[in-house]
Amino acid sequence: MDKPVFKPYRLPAGGWGSAKSVGNILRQEGVLASAPLALSRHNKVDGYQCNSCAWVKPASPLPFEYCENGVKAVAWELTAHRCTPEFFTKHTVAELREWDDYHLEEPGRLTHPLRYDAETDKYVPVSWGHAVEEIARELLAVEDRKKGAVFYSSGRLSNEASYLYQLFARLYGNNNLPDSSNMCHETTSVALPLSIGQGVGTVALDDFAKADCIMFFGQNPGSNSPRMLHPLQEASRRGVPIITYNPLRERGLERFLNPQSPTEMLTGKETRISSQYHQVKNGGDLAALAGICKAVLAMHDEALAAGSAAVLDEEFIREHTHGFETFAAWLRAQDWDELERRSGLHRADMEATATVYGASHRVIGIYGMGLTQHQAGVETVRMLVNLLMMRGNMGRDGAGICPVRGHSNVQGQRTMGVTEKPELFPLDRLGEQFGFEPPREAGYNTVEACEAVLRGEVKAFFMLGGNFVRAIPDHGRMEPAWRKIRLTVNVITKLNRSALLPGKISYILPVIGRLEIDETAAGQQVLSMEDTSGCIHGNRGLRRPASPHLLGEIRLICELAKRMFEANPRVRWDDYMTDYAEIRKEIGETLPDTFWDYERRMWEPGGFQRDMPVKRREWRTDTKRANFVTPKALDEDKDMPDVGHDALRLMTLRSNDQFNTTVYGYDDRFRGIKNTRKVVLMNRSDIDRLGLKVGQAVTLRTVANDGVDRSLSGMLVVAYNIPIGCIGGYYPECNVLLPIWHYAAGSKTPAAKGIPVTVHSEGGRVLEPGLEYAEG
Ligand SMILES: Nc1nc2c(c(=O)[nH]1)N[C@H]1C(S)=C(S)[C@@H](COP(=O)(O)OP(=O)(O)OC[C@H]3O[C@@H](n4cnc5c(=O)[nH]c(N)nc54)[C@H](O)[C@@H]3O)O[C@H]1N2
Ligand SMILES: Nc1nc2c(c(=O)[nH]1)N[C@H]1C(S)=C(S)[C@@H](COP(=O)(O)OP(=O)(O)OC[C@H]3O[C@@H](n4cnc5c(=O)[nH]c(N)nc54)[C@H](O)[C@@H]3O)O[C@H]1N2
Ligand SMILES: [Mo]
């Protein structure tokens, strides 16, 4: 690999950099000629739904309704490369464990079901029949079904497969259905119901066209939801202020040049995105939001004193909310010095935001992992809701709360009942519908599943998609524990690290992707998914499967179920796996409020939207009102020892060249980092204070007093525009530093954006001279 290069990227998000990157990935995957045809069906009615992020699929799509990272995800699935049984004859599992994430997936799509052979330490081909027989037998042999078996899934799974999967787990006897959303927006699923009585965002795409102010907290659209830059660009052109709080100056939030506009491309006329940009300290949002709220309250008091119009929406607060007086008293008692210290911002910054906010009437609050992946994540999300509610920006057109979901169907998966929390799904109805008694005890979420694995209680771990062991915290402890699980099943499309930690019995089961044609005895089947605005869309695959030996995820679940459960005329596995419309009928019966006339409506332009009580200002909370929260305290990381100045707070980041644990390449274009992922981004003054040099290797060590040594060596120091006291590194490489018990209180979302670490010189030798990175 070429030498690492750090050089500030001067261009806007999108633009020629994006066009070039698209060309590169199509070439790398060998689909330069074939992909364009597929892409013409991308996010279209009667086409397929992008397999990258969950951003909204508009009713009137652009001729090319895709983005740079959508193309990467598509090329990754349609790739011409194949990872065949021959590949596995050449490499032992121990050898493959030394490979990095990029090189594991690079050989391409898996073509055959494989079983681990302990004697040779290799994966060898096996028939589907044998695989299904053995897995079914092993699952049935687990003694304690409540504790002994876990059914993970990652948010790419279709609605249909998700629905069957939860039914499968509940018929089996537990609610152990952790999914990838436990690691991202679980904080949302806990915070929003407490505040507004609805677990999903309240904003639809057309609200963006009506908003007169947009606020962004800890979400990076330029890399993670680039199609979102189109509505943002439109808003900016209408003169809508866009206010960003993020420790890093993310390019997509600064300026954008639409690669789909020939005029813009030729003239280079870029659009400014954020009108205010505040580099909040990481974990400082709770204090920053408190500061903004405090300033809004002060404006209100002044207005009333001067006899002018109220700044607060007093009628909304009176008619629709609960807890405002307590919150207001708390705000008044907050000390500006403390808010400045904790947020790393000036009072004037927060007041500037309050001034714009106070003059706006339709405000959208957007957020992502920068808020959810913190110890105080739940309170912080609720604080953003507080701010919106102070001026009635909830249940009003052009306004509301907008969590940007991650995986393309992570939201639909939860709607379908893939959840460890039994109260989130109508289990009574499910039981009646299928004639069984569903388990009522809470199951394991991601963190609890890991804890159970560490205790040695889990005998069987089934992974329907994803790369669980790589995505979770605490690799140093989890990987050895993982190998003690008797049965692990990896239902995947490309090789990943989770499959390289086999226990006694381990399978790799390769499946058909969403872009591919899923053909059953009844002909080609279609699927459906839900985007981040709660709209449900149909999906039709268009390419032949990567190998004739692949199975659909639905077929796999049904085949297993048929072997495991007693025949029950109400659970028609044969029908489901033949005609997926039969599954949609069952979904419509379990969830009639949203999924009536499902079969037809999923093909409507823009899909159909699930029920949003908040849009009607109906609050399904304990008080039947929207609740203001009053935070207990503002300190971060209450679960961590206080080590004062020596520790820096690490946030684990995604590059522009990855999708979670899938690494497309080693460039993070917008951040000016090339040819490496082993970097630690540091403020110049921290580098100097610690006596380090740019380009030298350092070891990061977690500050935790549980007696476990968590460290990561060989990280190159990069001087970067990041607040003092904060550092950045890439996920999943840095996950080894994150203790499994460090998570958001209330949601158990791992606190991946706030890990206290110390930085240690590895001898001071500068490995990469000339790596001066001009900040700014
Ligand atoms: N191309 C691509 N697209 C993706 C993904 C991907 O990996 N690649 N992943 C998908 C998934 S599953 C998810 S969940 C989403 C994730 O998408 P995002 O929510 O955007 O997640 P991250 O990139 O992890 O971090 C978001 C931002 O939080 C900022 N941040 C970090 N700490 C703080 C803080 O304390 N306060 C504030 N205000 N900001 C902070 C970071 O600087 C970064 O800009 O994207 C989805 N889309
Ligand atoms: N430190 C830190 N850790 C984090 C995060 C962070 O920001 N920082 N983010 C967290 C977040 S938000 C998430 S969502 C998780 C991600 O956790 P996961 O969702 O478990 O991980 P992915 O990397 O998305 O999974 C990639 C694998 O999915 C498989 N795959 C791809 N497409 C398909 C398909 O169509 N069907 C099937 N069956 N398999 C498929 C491929 O084999 C690929 O190797 O990671 C979490 N971990
Ligand atoms: Mo995610």
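The values are calculated or read from the model by the stated rules, or taken from the named source; none is laboratory data. All values derive from a computational prediction rather than experimental measurement. Using ideal geometry, Cβ is built from the backbone for each residue, glycine included, and neighbour counts are taken over all protein chains shown. Heavy atoms of the whole protein, side chains included, go into the accessibility calculation; ligands, DNA and RNA do not. Shrake-Rupley method; radii C 1.70, N 1.55, O 1.52, S 1.80 Å.
Quick grid of which residues meet (1) open to solvent by 40 Å² or more (accessible area, probe 1.4 Å); (2) on the phi > 0 side of the Ramachandran plot; (3) more than 13 Å from ligand 1 (Cβ to nearest atom); (4) of a type in the set (A, V, I, L, M, F, W, C):
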position: Ser655; (1), (2), (3), (4): no, no, no, no
position: Val680; (1), (2), (3), (4): no, no, yes, yes
position: Ile687; (1), (2), (3), (4): no, no, yes, yes
position: Leu700; (1), (2), (3), (4): no, no, yes, yes
position: Asn705; (1), (2), (3), (4): yes, no, yes, no
position: Gly729; (1), (2), (3), (4): no, no, no, no
position: Tyr743; (1), (2), (3), (4): yes, no, yes, no
position: Ser747; (1), (2), (3), (4): no, no, yes, no
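Scan the range 554-568 and tell me whether some residue there is touching a Leu at 6+ places or on another chain (Cβ under 9 Å), β-branched (Val, Ile, Thr) and within 29 Å of Val200 (Cα to Cα). Scanning the range 554-568, I find at least one residue that is touching a Leu at 6+ places or on another chain (Cβ under 9 Å), β-branched (Val, Ile, Thr) and within 29 Å of Val200 (Cα to Cα), so the answer is yes. Going through Ala354, Ala399 one at a time, which residue ends up being touching a residue at least 40 places away in the same chain (Cβ under 8 Å) and under 27 Å from the mean Cα position of the chain (by Cα)? Just one listed residue meets the conditions, Ala399.
His91 meets all of the listed conditions (1) at pLDDT 90 or above; (2) away from ligand 3 (no atom under 16 Å from the Cβ); (3) not assigned by TED's automatic domain parsing to the domain that holds Val511 but one, namely (3). Screening the candidates Pro605, Pro592, Pro641 for the property of being more than 30 Å from Ile755 (Cβ to Cβ), touching a residue at least 24 places away in the same chain (Cβ under 8 Å) and open to solvent by 20 Å² or more (accessible area, probe 1.4 Å) yields one hit, Pro605. Across the range 541-562, the qualifying residues are those that are touching a helix residue (DSSP H, G or I) at 6+ places or on another chain (Cβ under 9 Å) and closer than 17 Å to His112 by Cβ, and the one among them that is surrounded by the fewest Cβ atoms within 10 Å (Cβ to Cβ) is His549.
Kindly indicate whether Asp46 is in contact (Cβ under 8 Å) with a residue 40 or more places away in the chain and under 22 Å from the mean Cα position of the chain (by Cα). So Asp46 does not fit the description; no. The one condition from (1) within 16 Å of ligand 1 (Cβ to nearest atom); (2) outside the structural domain of Met390 (by TED's automatic domain parsing); (3) in contact with a helix residue (DSSP H, G or I) (Cβ under 9 Å, 6 or more places away or on another chain) that Tyr102 does not meet is (3). When you scan the range 251-269, do you find a residue that is open to solvent by 10 Å² or more (accessible area, probe 1.4 Å) and within 11 Å of ligand 1 (Cβ to nearest atom), even just one? Taking every residue of the range 251-269 in turn, at least one turns out to be open to solvent by 10 Å² or more (accessible area, probe 1.4 Å) and within 11 Å of ligand 1 (Cβ to nearest atom). Scanning the range 441-479 for residues that are free of Cβ contacts under 8 Å to residues at least 60 places away in the same chain, surrounded by fewer than 21 Cβ atoms within 10 Å (Cβ to Cβ) and within 20 Å of Leu500 (Cβ to Cβ) yields one hit, Glu479.
Scanning the range 382-403 for residues that are open to solvent by less than 10 Å² (accessible area, probe 1.4 Å), outside any helix (DSSP H, G or I) and not hydrophobic (A, V, I, L, M, F, W, C) turns up Gly392, Asn393, Gly398, Gly400, Pro403.
Taking Arg429 as the residue in question, decide whether it is within 21 Å of Asp144 (Cβ to Cβ), surrounded by fewer than 22 Cβ atoms within 10 Å (Cβ to Cβ) and not hydroxyl-bearing (Ser, Thr, Tyr). Break it down stepwise before answering.
Details: within 21 Å of Asp144 (Cβ to Cβ): no; surrounded by fewer than 22 Cβ atoms within 10 Å (Cβ to Cβ): yes; not hydroxyl-bearing (Ser, Thr, Tyr): yes.
No; evaluated as a whole, the condition is false for this residue.
Among residues that are open to solvent by 20 Å² or more (accessible area, probe 1.4 Å) and of a type in the set (Asp, Glu), Asp668 is not included. For the criterion of being over 30 Å from Arg82 (Cβ atoms) and open to solvent by 60 Å² or more (accessible area, probe 1.4 Å), Asp611 fails.
Would you confirm, using the coordinates I've provided, whether Tyr163 is aromatic (Phe, Trp, Tyr) and closer than 26 Å to Ala751 by Cβ? No, not satisfied. Count of the range 168-200 residues, restricted to those that are under 27 Å from Ala352 (Cα atoms) and at pLDDT below 95, is 0. Within the range 506-519, the set of residues being of a type in the set (A, V, I, L, M) and open to solvent by 10 Å² or more (accessible area, probe 1.4 Å) comprises Ile512, Ile517.
This table checks each residue for (1) open to solvent by 50 Å² or more (accessible area, probe 1.4 Å); (2) over 30 Å from His742 (Cα atoms); (3) charged (D, E, K, R).
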site	(1), (2), (3)
Ala295	no, yes, no
Ser308	yes, yes, no
Asp313	no, yes, yes
Thr321	no, yes, no
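Is there a residue being open to solvent by 10 Å² or more (accessible area, probe 1.4 Å) and among the acidic types (Asp, Glu) anywhere in the range 520-540? No, that holds for no residue.
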